[in-house]
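Written out below as structure tokens is the structure these notes cover.
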Amino acid sequence: MGFFKSKKGSIISDYFMLLEDIGGGYTAKNMYDVALYDDHLEISSPLAKNKINLEYSKIKDVVYSAEVEEISKSKSSIGRAVAGGVLFGGVGAVVGAISGTGTKTKKERHFYFIIAYTSAQGEEKFLQFEDTRLYKGTKIAKKLKELCRLDDNNNTDDINL
């Protein structure tokens, strides 16, 4: 099995980072393989002893979305002073230090893959992943919706509440 290939026997698979602990050795901030088969979804990892199988009939919704987060950091006046001093001497150090005051903002994008399902006890639960690799996330979400017979028009005829 190659690094970028689907898990053997699955329709499609990829690795996602779990955002919340779900028990059974599946802990947050670790990567897990999400594989789609003809009749179920399987979540597995070499670190976890067991696999999680979820029948498509239990899945009620699938969401793949992006979130943009603005992060503010203070500028490094020391680093800029050193760089200015090396390039332009004492005057460059002063100008570099002055230009290092204030904050700079950076935008980070996060892509989330969320599966809403009904547990064996009848409770509504969620599997929340972050797509850190950005490899096949949209394809898996689309294929999972298709296999679960969930369409983008939010068809509520198939949902039993």
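The values are calculated or read from the model by the stated rules, or taken from the named source; none is laboratory data. If you're wondering where the values come from, they're calculated on a predicted model, not measured in any experiment. Using ideal geometry, Cβ is built from the backbone for each residue, glycine included, and neighbour counts are taken over all protein chains shown.
Quick one: is LEU36 modelled with pLDDT of 90 or more and under 16 Å from PHE126 (Cβ atoms)? Judged against the criteria, LEU36 is not a match.
Selection within the range 42-84: residues that are exposed (fewer than 15 other Cβ atoms within 10 Å of the Cβ) and charged (D, E, K, R). The member of this set that is farthest from the chain's Cα centre (by Cα) is LYS75.
The combined condition, being assigned to a strand (DSSP E or B), at pLDDT below 90 and at negative phi, is not fulfilled by ILE43.
I'm checking my understanding of the structure. Among residues of the range 9-30 that are part of a loop (DSSP other than H, G, I, E, B) and among the aliphatic types (A, V, I, L, M), which one is nearest to LYS139 (Cα to Cα)? If we take residues in the range 9-30 being part of a loop (DSSP other than H, G, I, E, B) and among the aliphatic types (A, V, I, L, M), then ILE11 is nearest to LYS139 (Cα to Cα).
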